[in-house]
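Trainee: One structure is given below, represented as structure tokens, and several questions about it will come after.
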Amino acid sequence: MADTPHPTRISMPATAKRGDIIDIKTLIQHEMETGYRRDANGRVIPRDIVAHFEVRYLDEIIFAADTFAGVSANPYFAFSTIVGDSGPVTFTWTDLAGRKTVETRTLTVT
Amino acid sequence: MVGLVFAASQAVGLCSLAAQTNLPSRPAIAKPGNVYQSPATQAQQADDGANPAMLWVGQGEKLWSSTDAGDGKSCAGCHGDAVASMKGVATRYPQIDAKSGALLNLEGRINQCRTDRQHATPYAYESAPLLSLTAYITLQSRGMPRDVKIDGAAAAQFEAGRSFFVTRQGQLNLACTQCHDQSVGQKLRGDTISQGQSGGWPAYRFEWQTMGSLHRRLRACSLGVRAEQLPFGSPEYVALELYLAWRSQDLPLDAPGVRR
């Protein structure tokens, strides 16, 4: 598994039939620090958020979202997709500093 | 602040509903806390793929086999697979520790293994690792009813917990029972008051944007009536926790919960 600085959970079927519509649900454990809060000494706590989330299936983007400071901590994304060929589904969350959390699952077409 | 004052005025309104406070208070039909949540929140709790608390469970599962601590012996090194060895364990907490005679909740027991058996520093209450391990171990009792001992060595603690539950406290002069027995189903700020059952905890609370322990929830209720917030893990809250566990009767554990 690729470098994953933040814990994630992905739920999707491991196998499906061609043409099926499958649901994919993802969670990432992330503070989503807004940049608007101050610490006990009055200093601004720097913004630290997931800014972009992208899902590729056989290298084609099937879901993408830009996220901003208004998104809750530990963001949850759920979407559906149509099953084509067997292959990897890659999930990439990118923070403001460009750091990535990457997870891959394999979808096997039966 | 405005919100708090508003909550206070509503809570004072509840006082008038209260009749007596010194009754043993176990609801005739126990209902889990999630049935008082919105349908969307209930759905999120019911689906492990959507329940954000499962992120902590996943971390707990990792920690269970981690050899980083103290002597380099993991929890799994002594206890094996938690799915088998920890099944039903959470239903028996809080319980009296045979060695010290103290009442321990699950967090207390985990930290006892940390210090006495792993020779590592205890986890801070409310820290991510302690919440994660507590959630992971509690999950192994999902669907099982509570099985706490309230007699013998635990009797005095149980009575302390019961008495805490029925005693008026704080500037608003409200007892737990006045909300969680006598005002169930009523609205308080944005919440619907539940029976104050503990089986959904630790839980993910949207207001906190994170996972929290039962004691964090209790501290929120103490603050709500403008009473002193006791420290996390304080003996008073652990005794109260024992009373709450008994009070939930046959209600199956359904932690980790999701709350507004």
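The values are calculated or read from the model by the stated rules, or taken from the named source; none is laboratory data. Keep in mind the model is a prediction, meaning the values are calculated, not measured. Every residue, glycine as well, gets a Cβ built from its backbone with ideal geometry; the counts of neighbours run over all protein chains shown.
Trainee: Going by the structure shown, is B:T91 assigned to a helix (DSSP H, G or I) and within 19 Å of B:F232 (Cβ to Cβ)?
Mentor: No: the conditions fail for B:T91.
Trainee: Exactly one condition in (1) in contact with a strand residue (DSSP E or B) (Cβ under 7 Å, 6 or more places away or on another chain); (2) surrounded by fewer than 21 Cβ atoms within 10 Å (Cβ to Cβ); (3) at pLDDT 95 or above is not met by B:E236; state its number.
Mentor: Of everything listed in (1) in contact with a strand residue (DSSP E or B) (Cβ under 7 Å, 6 or more places away or on another chain); (2) surrounded by fewer than 21 Cβ atoms within 10 Å (Cβ to Cβ); (3) at pLDDT 95 or above, B:E236 misses just condition (1).
Trainee: Please go through the range B:175-221 and pick out each residue that is touching a residue at least 24 places away in the same chain (Cβ under 8 Å), within 14 Å of another protein chain (Cβ to nearest Cβ) and either in a loop (DSSP other than H, G, I, E, B) or not basic (K, R) (or both).
Mentor: Once the filter is applied, which keeps residues that are touching a residue at least 24 places away in the same chain (Cβ under 8 Å), within 14 Å of another protein chain (Cβ to nearest Cβ) and either in a loop (DSSP other than H, G, I, E, B) or not basic (K, R) (or both), the range B:175-221 yields B:A203, B:Y204, B:F206, B:E207, B:M211, B:G212.
Trainee: Name the residue that is nearest to B:F206 (Cα to Cα), counting only residues in the range A:51-91 that are hydroxyl-bearing (S, T, Y) and touching a residue at least 40 places away in the same chain (Cβ under 8 Å).
Mentor: First, the residues of the range A:51-91 that are hydroxyl-bearing (S, T, Y): A:57, A:67, A:72, A:76, A:80-81, A:86, A:90.
From what is left, the residues that are touching a residue at least 40 places away in the same chain (Cβ under 8 Å) are A:57, A:72, A:76, A:80-81.
Numbers: A:Y57: 31, A:S72: 9, A:Y76: 12, A:S80: 25, A:T81: 28 Å.
That would be A:S72.
Trainee: What do you reckon, is A:T104 out of contact with any His (no Cβ under 7 Å at 6 or more places or on another chain), under 19 Å from A:T8 (Cα atoms), polar (S, T, N, Q) and loosely packed, with under 14 Cβ neighbours inside 10 Å?
Mentor: Working: out of contact with any His (no Cβ under 7 Å at 6 or more places or on another chain): yes; under 19 Å from A:T8 (Cα atoms): yes; polar (S, T, N, Q): yes; loosely packed, with under 14 Cβ neighbours inside 10 Å: yes.
Against the criterion (out of contact with any His (no Cβ under 7 Å at 6 or more places or on another chain), under 19 Å from A:T8 (Cα atoms), polar (S, T, N, Q) and loosely packed, with under 14 Cβ neighbours inside 10 Å), A:T104 qualifies.
Trainee: While we're here: Please specify each residue of the range A:19-42 satisfying the condition of being within 16 Å of A:I62 (Cα to Cα), charged (D, E, K, R) and away from every other protein chain (no Cβ under 11 Å).
Mentor: At the first step, the residues of the range A:19-42 found to be within 16 Å of A:I62 (Cα to Cα) are A:19-26.
Restricting the remaining residues to those that are charged (D, E, K, R) gives A:20, A:23, A:25.
Answer for the range A:19-42, where residues must be within 16 Å of A:I62 (Cα to Cα), charged (D, E, K, R) and away from every other protein chain (no Cβ under 11 Å): just A:D20.
Trainee: Moving on to the next point. Hey, could you check the range B:167-196 for residues that are farther than 13 Å from B:S222 by Cα and among the aliphatic types (A, V, I, L, M) and say which is nearest to the chain's Cα centre (by Cα)?
Mentor: B:I193
Trainee: Another one. Please go through the range B:126-145 and give me each residue that is among the hydroxyl-bearing types (S, T, Y), over 18 Å from B:L242 (Cα atoms) and in contact (Cβ under 8 Å) with a residue 40 or more places away in the chain, ordered by number.
Mentor: Start the filter on the range B:126-145 by keeping residues that are among the hydroxyl-bearing types (S, T, Y), which leaves B:127, B:132, B:134, B:136, B:138, B:141.
From what's left, over 18 Å from B:L242 (Cα atoms): B:127, B:132, B:136.
Hits for the range B:126-145 are B:S132, B:Y136.
Trainee: Please find, among A:D48, A:D20, the residue that is within 28 Å of B:A40 (Cβ to Cβ), touching a strand residue (DSSP E or B) at 6+ places or on another chain (Cβ under 8 Å), at pLDDT below 95 and among the acidic types (D, E).
Mentor: Numbers: A:D20 fails: at pLDDT below 95.
Step by step, each of A:D48, A:D20 is checked, and only A:D48 is within 28 Å of B:A40 (Cβ to Cβ), touching a strand residue (DSSP E or B) at 6+ places or on another chain (Cβ under 8 Å), at pLDDT below 95 and among the acidic types (D, E).
Trainee: Going by the structure shown, is A:R9 away from chain B (no Cβ under 13 Å) and closer than 24 Å to B:W56 by Cα?
Mentor: So A:R9 does not fit the description; no.
Trainee: Only residues that are among the charged types (D, E, K, R), more than 24 Å from B:I110 (Cβ to Cβ) and crowded, with 19+ Cβ neighbours inside 10 Å: list them for the range B:171-224, please. Outline the logic, then answer.
Mentor: Within the range B:171-224, the first condition is being among the charged types (D, E, K, R), and the residues that meet it are B:181, B:187, B:189, B:191, B:205, B:207, B:216-217, B:219.
With more than 24 Å from B:I110 (Cβ to Cβ) added as a condition, the list becomes B:181, B:187, B:189, B:191, B:207.
The answer is B:D181, and nothing else.
Trainee: Does the range A:52-60 include one or more residues that are of a type in the set (A, V, I, L, M, F, W, C), assigned to a loop (DSSP other than H, G, I, E, B), away from chain B (no Cβ under 14 Å) and under 30 Å from A:T110 (Cβ atoms)?
Mentor: First, the residues of the range A:52-60 that are of a type in the set (A, V, I, L, M, F, W, C): A:53, A:55, A:58.
Restricting the remaining residues to those that are assigned to a loop (DSSP other than H, G, I, E, B) gives A:58.
Next, from what is left, pick out any that are away from chain B (no Cβ under 14 Å): A:58.
Then drop every residue that is not under 30 Å from A:T110 (Cβ atoms), which leaves A:58.
There is at least one residue in the range A:52-60 that is of a type in the set (A, V, I, L, M, F, W, C), assigned to a loop (DSSP other than H, G, I, E, B), away from chain B (no Cβ under 14 Å) and under 30 Å from A:T110 (Cβ atoms).
Trainee: Within the range B:102-149, can you find the residues that are aliphatic (A, V, I, L, M) and in contact with an Asp or Glu (Cβ under 7 Å, 6 or more places away or on another chain)?
Mentor: So in the range B:102-149, the residues aliphatic (A, V, I, L, M) come out as B:102-104, B:106, B:110, B:120, B:124, B:128, B:130-131, B:133, B:135, B:137, B:139, B:144, B:148.
Selection gives B:L104, B:L130.
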